[in-house]
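Only one structure is covered here, and it is reproduced in the block below.
Every number in this text was worked out from the coordinates using simple rules, so none of it is lab data. Since the structure is predicted, the reported quantities are computational estimates derived from the model, not experimental observations. Cβ sites come from the backbone with ideal geometry, for glycine too, and all protein chains shown count toward neighbours.
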Amino acid sequence: MKTNKFIIPQNKRSIIAEYDNNHIKEIGKIDIPYLSKSVFIDNRLIISICFGTKLKNRRLKIFDEYGNQLLRKTELKFESINFKDSIVYLGGQYTKNRRELFSFIDFSNVDFIIDEIKLPVKSIEGKSIDDILIRNNTLYLVDNIVFPKYIFEYNINIPNNPNHIGTYELENNGTYEHIKKGDINDNWIILFSSTEGRSGSSQHISIIGKENKWNNQNVLHFCTSSRPLHNNTHISSSSKNSSIILDICIIEDSLLVLKKDGLYSIELTGKNINEDIKQIDDNRNKYNKLIKINNEICVILNAEKYELLKL
């Protein structure tokens, strides 16, 4: 049975929450930091990857539904997490050789063993699986930083036996590209990334329609330094919308873009995506994160507070 429970990260003690009747109900506290990613899986366990500036603060934590810690693991550097049924998929980087890591834990078993999956390309030092996106029975691994940048596609009709079905090389948006976050629904895949090089630092939002080829994508570019970007054929953002992006989230056919100066919405079905960026809030509460509850609503938050966001 699919749960409506989820985790709201906060600074001191994060919140175990439940969405019901258009409201959020707080049902408990949990010992994970604000800098974390969590899933509340179907058999009522909570799995969190916790981040920190020091290696000792980076860990995988497993809890029961009430927030009681069952297990902690620190031997692998996880960056991304997702799940289907009782299978939790984990992506990141090996601690020793700094190469891509893809693994899963089958929580229908009692031993919580991490099963590692060999990737279909040769591993390169410095690369990482930075996000895991799932659409129905298809899983996408987002692999980046050192060129080339890949999407690995897997069939997960049998969740504990991911079957590789495709590898797609993505266009490079700049030097040292790091994908901060991806999001997916039935119609769209969005990749939010940043780059740093001689041309300056910038941020990029790659918009990929369900029917598009991987090498046929719209890209919004946002310059975040005084040095201009090189000219290219991609869609470029206007200067008035060039403030730093904090987070992104797809709600139905709209892309929410949370920036330092406000929350913006982009209608993905519009004729000119670049001109359809509309500010819907001035971010007076200084929120810096979006967490999607389902394809229609999300929570906007910072380390101290949150609110339910409905469009």
Seminar exercise, completed: Quick shape check on the chain: root eigenvalues a ≥ b ≥ c of the Cα gyration tensor, a/c under 1.5 is rounded, otherwise prolate if a/b tops b/c, else oblate, and it reads oblate
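Can you tell me the length gained on complete extension of the stretch N137 to D261, counting 0.36 nm per residue apart and subtracting the Cα distance?
40.9 nm
Would you mind checking K149/K310; K37/K259; K29/K61; K61/K310 for any pair whose Cα atoms are more than 23 angstrom apart? If you can, show how the numbers build up before the last one.
Numbers: K149/K310 34 Å; K37/K259 20 Å; K29/K61 14 Å; K61/K310 31 Å.
Long pairs (Cα-Cα over 23 Å): K149/K310; K61/K310.
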Exercise. What do you get when you divide the Cα radius of gyration of segment 62-158 by 2.2 N^0.38 Å, with N the number of residues?
Worked result: 1.11
Problem set entry | Percent of Cα pairs exceeding the 24 Å cut-off, where the set is segment 1-93 | 16 percent
Exercise. Going highest first, how would you order 63-72, 291-300, 86-95 by mean Cβ packing within 10 Å?
Worked result: 86-95, 291-300, 63-72
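Counting only other residues whose beta carbon sits under 12 Å from that of K61, what net charge do I get with K and R as +1, D and E as -1?
Taking every other residue near K61 into account, the sum is +3.
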For this session: Take the chain, connect every pair of alpha-carbon atoms lying under 10 Å apart with a spring to form a Gaussian network, then pick out the residue of S108, S193, S254 with the largest mean-square fluctuation.
Result: S108
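As a test of the definition: which semi-axes, in Å, follow for segment 105-192 when you take the square root of five times each eigenvalue of its alpha carbon gyration tensor? Largest first, please. Write out the running numbers ahead of the final one.
Values: eigenvalues 113, 53, 29 Å².
The answer is 24, 16, 12 Å, longest axis first.
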